[in-house]
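Structure first, then comments.
Bear in mind these aren't lab numbers, they're just calculated from the coordinates by the rules spelled out. The model shown is predicted, which means the values in this text are computed figures rather than measured ones. Neighbour counts are summed over all protein chains in view; Cβ atoms, including those assigned to glycine, are modelled from backbone coordinates with ideal geometry.
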Amino acid sequence: MKVNVQPLVGAVCMTYDDGAKLHDAYRAAFDRGEEVVLDFADTRIFVSRFFNAAVGQLLKDYGIDEVRHRLKFENLPGAAVAPLRHSVENAQRYFHDPKFQTALDRVLEAQAAEA
Amino acid sequence: MMITLNVYTLNEEEWSYQQLFRLWREASGDGLDVQFDFTGCGFLRQNAVAFLGGLARLIEYRGGRVAFAWDTLGDAVGANLAQNGFMESFGGPRKHWTGNSIPFRHDRVQDAHVFENYLTQLWLGRGWVNVSPGLGNAIVGNMAEIYLNAFEHGQSPIGVFACGQHYPNNRELNLTIVDFGVGIPSNVRLFKAHEFRPEQLRAANCMEWAFQAGTSTKPGGRGIGLDLLQDFVRKNGGRLEMFSHEGYVLIADGKISFAERSKFFEGTLVNISLRCDESYYCLASEMSIEPLF
């Protein structure tokens, strides 16, 4: 399966909601065992939150090797590399370090309660 | 009873930040009637403009009233505050215009796309920084990370304030983003609560922790880490200062340092300077390294 990112979320990939939209567009195919290609042609601005939703949450259910093997990127601009890598590395830690996960959840729950 | 707060010449050295945090401290309290007097002010940098705008809105949020003594402004400071729209935002006598300043901005709610447009069109996109479009996009993305962090972790009841300035003589492009929320040390102390009592973690230690790799970003979308930003500023020869509580971070000349300051400020202020010369920057090709992860 191939997903063209720009028609789906626009050229600016900054928000969690847009990342979730991209994740939702390919998740079923990924769960069926298909290879998924994300084509980033004509996108330009990237923030790690976008990739947290679009890619990072895959690490909850899949190992890093499987994600590497079956999730492919085409036309990924240089500006996207650091936020994508950052997001995946942190997702890997979050989902595989229970102590870290518990501590971070505590902070985010407190923030949500005060918001 | 009205209290008068004197605003002096404010640049980017430590004394100026102490003055800003003094003003914040003197304006704390509910229902204050505050006047800002600029008699002793010969210059205001973008950090002071963003901070003063935020402080005025904070006073109002707490049920107080704010007046700016516009007639105490010198010509240069008055022109600056008019040009960047600060004066117009607070009912002053002159409208903004386009010059070397980047407009004063107040976002009550998070709007990533509007802020991206501000950065792309009004800050970076004026032809002042000679970088490739790809690298320009990376710069905007990193600034947007600061803005989104301020909203998501600052918990500022009045939103986020920003102001920029281009200094053609120094070939610098600057941006300040400030919030009046709970501050980074509060979040870090909460995170580390299972290991340390709050008083055991100094603010500078909390800042250092927040800048370490792997301390950030829940895959659910929010994060408290700043390591991505640190990496970008260091690689690109920029300068970044961050103040939160008594914690202080400086990234300059490719190095990062942390310190404890005497003046407390509860929110978070980030001041960043970029050099307007492409020779200081990584080439876009250096940013694309396989494997991706």
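At a glance:
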{"quantity": "Coarse-grained scattering of the stretch A:2-114 at q = 0.14, 0.18 Å⁻¹, given as base-10 log I(q)/I(0) from a Debye sum over alpha-carbon atoms", "calculated": "-0.57, -0.91"}
{"quantity": "Net charge contributed by nearby residues that have their C-beta within less than 15 Å of B:GLN212 (K/R +1, D/E -1)", "calculated": "-3"}
{"quantity": "Cα long-axis angle, helix A:98-114 against chain A (0 to 90 degrees, to the nearest 10)", "calculated": "80 degrees"}
{"quantity": "Cβ charges +1 (Lys, Arg) and -1 (Asp, Glu), total dipole of the stretch B:1-97, debye", "calculated": "220 debye"}
{"quantity": "Gyration tensor verdict on the protein assembly as shown (Cα atoms; rounded if a/c is under 1.5, prolate if a/b is larger than b/c, oblate otherwise)", "calculated": "prolate"}
{"quantity": "The protein assembly as shown: antiparallel DSSP beta bridges as a percent of all, rounded to 5", "calculated": "65 percent"}
{"quantity": "Student exercise, the protein assembly as shown dipole from Lys, Arg, Asp, Glu Cβ charges, in Debye to nearest 20", "calculated": "120 debye"}
{"quantity": "Dipole-positive endmost among B:ALA82, B:ASN11, B:THR98 within the stretch B:1-126 (Cβ charges, Cα centre)", "calculated": "B:THR98"}
{"quantity": "Chain B, relative contact order [Cα under 8 Å, separation at least 6], %", "calculated": "15 percent"}
{"quantity": "Built amide H within the under 5 Å cut-off of B:THR4, gap 5+", "calculated": "B:GLN35"}
{"quantity": "Note, ³J(HN,Hα) from phi for the stretch B:135-151, Karplus 6.51, -1.76, 1.60, rounded to Hz, x at Gly and Pro", "calculated": "6, x, 5, 5, 4, 4, x, 5, 5, 5, 4, 4, 4, 5, 4, 4, 6"}
{"quantity": "Computed over chain B, the ratio Rg/Rh where both radii use C-alpha atoms and Rh is Kirkwood", "calculated": "0.96"}
{"quantity": "Angle in degrees between helix A:78-96 and the longest Cα principal axis of chain A, rounded to the nearest 10", "calculated": "40 degrees"}
{"quantity": "Shape category assigned to the stretch B:151-208 from the gyration tensor of Cα positions, a/c cut at 1.5", "calculated": "oblate"}
{"quantity": "Residues B:THR176, A:THR15, B:THR9, sorted so that the one with the fewest Cβ neighbours within 10 Å comes first", "calculated": "B:THR9, A:THR15, B:THR176"}
{"quantity": "Helix-only [θ]222 nm of the protein assembly as shown, DSSP H runs n ≥ 4, -39500 (n - 2.57) each, per residue, nearest 500", "calculated": "-12500 deg cm²/dmol"}
{"quantity": "Residue exposure sequence - B:PHE51, A:PHE73 - by fewest surrounding Cβ within 10 Å", "calculated": "A:PHE73, B:PHE51"}
{"quantity": "Cα lying deepest toward the dipole's positive end in chain B, options B:ALA27, B:GLY127, B:ASN137, charges on Cβ", "calculated": "B:ALA27"}
{"quantity": "Kirkwood Rh, Cα atoms: Rg over Rh of the stretch B:1-97", "calculated": "0.94"}
